[in-house]
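Before any comments, here is the structure.
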Amino acid sequence: MNSSRVFLGLMLLASPLSFAADIDEAWQQLLAEHAGLQAQVEMVTAKQAQVDVAKGMYLPSLTLSSQWNLMNDELGLWVDTSILMPGGKPVYLPIQDKSFWDTQLTATVPVFTGGKIKAGVDAQKADVQFQQAEQTRHQNELFTQFVRRYLSVNLAVENENIRRYAYDNLEQHFQRAVRMQEEGSIAYTERLQAEVERDKAKREWRNAMTQRTLAVSAYQSLFFNETQLPDQSLSYHPFKTLNDNALALRAIYNHPGIQQISAQRAKANAGLKATQADFLPTIALFANIELATNDLTQLEPEWAAGVSMQWRLFGQGNRLREGAGYRAAMRAAEFSNAQAERDVRVLLEQLQVNIDIAKENIDAFESSIRLAEENLRLRQAAFAQGISTSLDEIDAQLLLTGLQLESQKSLFDYYVALADLCALTAQQDQFFTLFNPR
């Protein structure tokens, strides 16, 4: 009984400071080495590069074109001189050789595109927003998985300790029962009862050891490199949250799914603007210079500059229906966004209920454990004096063990629910601060 009290005292007085440092450092290590997250970072970088590519359409373009030409005959012009002088003979004027180079350097500057370039940039920015939300979603999932496995190691260690101390107490009870049966103070059946419960407690302790090994293995599998294992006991600390409306707004604003829906709507809007711009002409400034001047004819300029316009009056496809498709995609995104916001609010309420239930259980188990400890102490004393049966003490020990296990499970549920809430509202740092209250 004394060892059990020492264990519970250590459990309640465990320093949250070292625990906070451990969990925070482990999380930073996981962020740095997790391959899945690194892949998401690179995907975001790739999408951001496409934004720069789209913005490059605003810049002038410089094109060098060159080709060598071979014709079946040279180009020339026969001039009838008889009109100028009687009896004059026709004169042949060569214009272009059979083979020649045509090399031009052309610069083009877009002046008016009807919004096509801006629509392209907006579409690429929407892709970046979508990919960033996907990165956030992966990180949130990793965070909740990390917290669960971290706390599972703590829970498994605490359960093993509880089972071990229960076994120690039942072993001591069995030894007392053996002596008392040899003295004739109790019946042989009571000694057998003590032995059966002692053996059962031993099996449960060994099972708890196995569960701890599995929990440690699952936790370490998250990391690429070796990491320190959690070794501090959980203790309850109240979590201060925003009011319900502010918390809901924060959850909606930071939810990756809603951010992705917003990105899809933005991309559909960009597509609609690009379709509308397709009905307008494209105007650009241009200038070109001929580099192979030796092969120029008298009819070709060495350089030219001006303004060009292209206007697609009719093209492939149906631009009106294409615009209707983008409008439908935008309406679909709005409906999806409204449903997602309702789902987030419902999930937020469920998490808050789970937190409240866990807090109530923690408070209830605290007083129940104190009562169970006192009851076990009285049963141990009564059995030693021969005024209580072995089964009475065994029942008291099993009751205390069960309450201790349930208390630890309530702490586990409390912090898991808090982790889900913090991930939903983008307050992971506040979750870590919880373990180091100031």
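Among the residues of the stretch 353-385, count how many are more than 30 Å from V178 (Cβ to Cβ) and either outside any helix (DSSP H, G or I) or in contact with a Leu (Cβ under 7 Å, 6 or more places away or on another chain) (or both).
Qualifying residue count, the stretch 353-385: 4.
So which residues in the stretch 378-401 are exposed (fewer than 14 other Cβ atoms within 10 Å of the Cβ) and touching a residue at least 40 places away in the same chain (Cβ under 8 Å)?
The answer is G386, and nothing else.
Would you call G271 touching a Phe, Trp or Tyr at 6+ places or on another chain (Cβ under 8 Å) and either within 30 Å of E360 (Cβ to Cβ) or small (G, A, S) (or both)?
When the stated conditions are applied, G271 passes them.
Just for the stretch 79-121: of the residues that are touching a strand residue (DSSP E or B) at 6+ places or on another chain (Cβ under 9 Å) and of a type in the set (K, R), which one is surrounded by the most Cβ atoms within 10 Å (Cβ to Cβ)?
Applying the filter and picking the extreme gives K116.
What single numbered condition from (1) out of contact with any strand residue (DSSP E or B) (no Cβ under 6 Å at 6 or more places or on another chain); (2) part of a strand (DSSP E or B) fails to hold for A305?
(1)
Just the residues that are surrounded by fewer than 20 Cβ atoms within 10 Å (Cβ to Cβ), at pLDDT 90 or above and either touching a helix residue (DSSP H, G or I) at 6+ places or on another chain (Cβ under 7 Å) or not in a helix (DSSP H, G or I) (or both), please, taken from the stretch 165-192.
Residues satisfying the conditions are D168, E171, V178.
Filter the stretch 40-72 down to residues that are of a type in the set (V, I, T) and touching a helix residue (DSSP H, G or I) at 6+ places or on another chain (Cβ under 9 Å), then give me how many there are.
4
Considering only the stretch 245-294, state which residues are charged (D, E, K, R), over 15 Å from V128 (Cα atoms) and touching a helix residue (DSSP H, G or I) at 6+ places or on another chain (Cβ under 7 Å).
K273, D278 - these are the residues of the stretch 245-294 that are charged (D, E, K, R), over 15 Å from V128 (Cα atoms) and touching a helix residue (DSSP H, G or I) at 6+ places or on another chain (Cβ under 7 Å).
In contact with an Asp or Glu (Cβ under 7 Å, 6 or more places away or on another chain) and either crowded, with 18+ Cβ neighbours inside 10 Å or in a helix (DSSP H, G or I) (or both): which single residue out of Q48, Q135, Q67, Q40 fits that description?
Answer to the check: Q40.
Identify, please: which residue in the stretch 141-164 is surrounded by fewer than 22 Cβ atoms within 10 Å (Cβ to Cβ) and hydroxyl-bearing (S, T, Y) and is, among those, nearest to the chain's Cα centre (by Cα)?
It comes out as T144.
The values are calculated or read from the model by the stated rules, or taken from the named source; none is laboratory data. Predicted model only: the values in this text are computed from it and were never measured. All Cβ positions, glycine included, derive from the backbone under ideal geometry; neighbour counts span all protein chains shown.
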